[in-house]
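Peer 1: To start, I am sharing the structure in question, which I have written as structure tokens.
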Amino acid sequence: MPKVSEDVLLARREEIIDACAKLYETMNFKDITLKEIGKVTTFNRTAIYNYFNTKEEIFLALMQREYELWVLDLEELLSSHEALSREELAAALSRSLEKRARLLKLLSMNHFDMEDNSRHENLVEFKGSYGASMGAVRRCLDKFCPDMTEEDKDSFIYAYFPFIYGIYPYAVVTEEQKRAMAEAGVDYKYMSVYEISYNCLKKLLK
């Protein structure tokens, strides 16, 4: 049997992640199985095990990719502006997050189960991308908020990153959920990802 090239291996791995992302647009995490993912790849289901042991590993890789895309957006923000006011930075960071709806949806899931069912080396790769996103946000603070102390930046990072885990369920609400809120008599204001993020960032950057 001929040896598969590194490029082919990487392409197949990305195809599996793409298949998972496509299914995740219309299906819940619990309903997506390796069998379902295998149905939308160009190779058989058993071949998936050459790349991922569990569906949690695939989702972790998808979330890693989403973090990497967010980092690219943040790097573009850094390189394209010499200076930003704090309000402009709040708006720019919120716009960058608004583009990452899939990341926000993934963040609203149970990370403990996802990480617990992934091999250590996959978890290390994921944590590297997560750490890179924190580093990119911190570089934005370094450049655009030079008067912030290191303690202020730490406080910002460890307030904002836990906060974004909960944005998706507040910004993406089904009609059934809206009806239930109305029947329960809950006075709820529906806001977009941008609005929720911007309101938080304005307060954190004061």
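The values are calculated or read from the model by the stated rules, or taken from the named source; none is laboratory data. What you see is a predicted model; the values in this text were computed from it and never measured. Here Cβ is always computed from backbone atoms with ideal geometry, including for glycine, and neighbour counts include all displayed protein chains.
Peer 1: Please go through the stretch 4-25 and pick out each residue that is assigned to a helix (DSSP H, G or I) and hydroxyl-bearing (Ser, Thr, Tyr). Before the answer, list the steps.
Peer 2: Quick first cut of the stretch 4-25, residues assigned to a helix (DSSP H, G or I) only: 6-24.
Matches in the stretch 4-25: Tyr24 only.
Peer 1: Another one. I need every pair where a residue in the stretch 17-34 that is over 13 Å from Glu57 (Cβ atoms) has its Cβ under 9 Å from the Cβ of a residue that is small (Gly, Ala, Ser), sequence separation at least 6 or different chains.
Peer 2: Ala19/Gly38
Peer 1: Let me ask another. So, of the residues in the stretch 40-54 that are assigned to a helix (DSSP H, G or I) and surrounded by fewer than 21 Cβ atoms within 10 Å (Cβ to Cβ), which turns out to be modelled with the lowest pLDDT? Give the derivation first.
Peer 2: Looking only at the stretch 40-54, we keep the residues that are assigned to a helix (DSSP H, G or I), and these are 45-50.
From what is left, the residues that are surrounded by fewer than 21 Cβ atoms within 10 Å (Cβ to Cβ) are 45-47, 49-50.
On the way: Arg45: 81, Thr46: 86, Ala47: 89, Tyr49: 93, Asn50: 91.
Ranking the qualifying residues of the stretch 40-54, first place goes to Arg45.
Peer 1: Do the conditions hold for Leu84, that is, is it more than 21 Å from Cys140 (Cβ to Cβ), surrounded by 15 or more Cβ atoms within 10 Å (Cβ to Cβ) and modelled with pLDDT of 95 or more? Spell out the reasoning first.
Peer 2: Working: more than 21 Å from Cys140 (Cβ to Cβ): no; surrounded by 15 or more Cβ atoms within 10 Å (Cβ to Cβ): yes; modelled with pLDDT of 95 or more: yes.
Criteria not met by Leu84.
Peer 1: Could you grab the pairs with beta carbons closer than 7 Å, sequence gap of 6+ or different chains, first residue in the stretch 58-73 and closer than 22 Å to Arg45 by Cβ, second one among the polar types (S, T, N, Q) and not in a helix (DSSP H, G or I)?
Peer 2: Cβ pairs passing all conditions: Leu60/Ser118.
Peer 1: In the list Tyr194, Tyr168, which residue meets the criterion of being under 30 Å from Tyr51 (Cα atoms), in contact with a Lys or Arg (Cβ under 8 Å, 6 or more places away or on another chain) and in a helix (DSSP H, G or I)?
Peer 2: Values: Tyr194 fails: under 30 Å from Tyr51 (Cα atoms).
When all the criteria are applied, what remains is Tyr168.
Peer 1: Restricting attention to the stretch 155-162, does a residue exist that is assigned to a loop (DSSP other than H, G, I, E, B) and either assigned by TED's automatic domain parsing to the domain that holds Arg95 or at pLDDT 95 or above (or both)? Walk me through how you get there before you give the answer.
Peer 2: Step one: of the stretch 155-162, the residues assigned to a loop (DSSP other than H, G, I, E, B) are none.
Checked the stretch 155-162: no residue is assigned to a loop (DSSP other than H, G, I, E, B) and either assigned by TED's automatic domain parsing to the domain that holds Arg95 or at pLDDT 95 or above (or both).
Peer 1: Do we have Glu87 as assigned by TED's automatic domain parsing to the domain that holds Arg138 and either over 30 Å from Ile196 (Cα atoms) or touching a residue at least 40 places away in the same chain (Cβ under 8 Å) (or both) here? Steps first, please.
Peer 2: Numbers: assigned by TED's automatic domain parsing to the domain that holds Arg138: yes; either over 30 Å from Ile196 (Cα atoms) or touching a residue at least 40 places away in the same chain (Cβ under 8 Å) (or both): yes.
It is true that Glu87 is assigned by TED's automatic domain parsing to the domain that holds Arg138 and either over 30 Å from Ile196 (Cα atoms) or touching a residue at least 40 places away in the same chain (Cβ under 8 Å) (or both).
Peer 1: OK, next. Filter the stretch 172-206 down to the residues that are within 30 Å of Asp152 (Cβ to Cβ) and small (Gly, Ala, Ser), then identify the one that is nearest to the chain's Cα centre (by Cα). Step through it out loud before you land on a result.
Peer 2: Initial filter on the stretch 172-206 (within 30 Å of Asp152 (Cβ to Cβ)): 189, 191-206.
When the remaining residues are screened for being small (Gly, Ala, Ser), the result is 192, 197.
Numbers: Ser192: 16, Ser197: 14 Å.
Checked the stretch 172-206; the qualifying residue nearest to the chain's Cα centre (by Cα) is Ser197.
Peer 1: Pairs, please: C-beta under 7 Å, at least 6 apart or cross-chain, first residue among the basic types (Lys, Arg) and in the stretch 153-179, second at pLDDT 95 or above?
Peer 2: Here the result reads Lys153/Arg138; Lys153/Leu141, each pair linking the stretch 153-179 to a residue that is at pLDDT 95 or above.
Peer 1: Which is more than 23 Å from Glu125 (Cα to Cα), of a type outside the set (Lys, Arg) and in contact with a helix residue (DSSP H, G or I) (Cβ under 8 Å, 6 or more places away or on another chain), of Leu74, Leu97, Leu89?
Peer 2: Numbers: Leu74 fails: more than 23 Å from Glu125 (Cα to Cα); Leu97 fails: more than 23 Å from Glu125 (Cα to Cα).
Only one candidate qualifies: Leu89.
Peer 1: On to the next question. Among Ile37, Ile17, which is the only one that is buried (at least 18 other Cβ atoms within 10 Å of the Cβ), outside the structural domain of His111 (by TED's automatic domain parsing) and either among the hydroxyl-bearing types (Ser, Thr, Tyr) or over 30 Å from Leu93 (Cα atoms) (or both)? Walk me through how you get there before you give the answer.
Peer 2: On the way: Ile17 fails: either among the hydroxyl-bearing types (Ser, Thr, Tyr) or over 30 Å from Leu93 (Cα atoms) (or both).
Every option except Ile37 fails the conditions.
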